[in-house]
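The values are calculated or read from the model by the stated rules, or taken from the named source; none is laboratory data. What you see is a predicted model, and the numbers here were worked out from it, not measured in a lab. Areas reflect the complete protein model, heavy atoms only, side chains present, ligands, DNA and RNA absent. Shrake-Rupley method; radii C 1.70, N 1.55, O 1.52, S 1.80 Å.
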Amino acid sequence: MTEADPFARPGTTPTPRRRRPAFAGPRDEVDVPPLGHIAPDLDPPWSKEDTDTPDRTASYQHPEGHRVGLRVQSRGLAIQTWITAGPDLPPIPDGTDIERAEAQAANDARLQPGRTWHTVLATRTSKALAADLGVLVCERLLPALTNKPRGIPAPAPPARIGQPDTAPQKEGTQK
């Protein structure tokens, strides 16, 4: 027997639950192994922190205050990754004007304190999830601390969009 809804008005029927349309098909879902098993091991001084949900999240901390986080998104279709810069920039050294300008340019090029850079790994298209996640963290996230990303470059357009096909046509029979 079902219990009565305490918020329903007396004498009314409950609202029926909405069903997914038949054409929507089954929901996509990917079975991702526990993140604790596929999360990369970062070289010292990075240290892995314990999390409340080690199967769904992982986080790392650097002594300078930088943080890296990984989280499996709902239904396992993606793993969100991010890096947050620590609170301090390297100091500008005393020296010549050129040395100070180079140090200032290096500070300007890096991810600024407290700022975050995100990337996502699509689990459905990954053949080697642990290796792809390691490459993403080591080659995309960690370099963002010293060289601030300007965005993801768009893929090159296919050749000859909107132009007539100029490839020579063979005469003869077609198969």
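A convex hull fitted around the alpha carbon atoms of segment 22-135 yields 146 Å³ per residue.
Using the Stokes-Einstein relation with a Kirkwood hydrodynamic radius computed over Cα pairs, the translational diffusion coefficient of segment 107-147 at 10 °C and a viscosity of 1.306 mPa s comes to 139 µm²/s.
Rolling a 1.4 Å probe over the protein chains gives Lys48 an accessible area of about 100 Å². The stretch between Ala131 and Thr96, if pulled fully straight at 0.36 nm per residue, gains 8.2 nm over its current Cα-Cα span. A straight chain from Thr116 to Arg140 at 0.36 nm per residue would run longer than the Cα-Cα distance by 7.4 nm.
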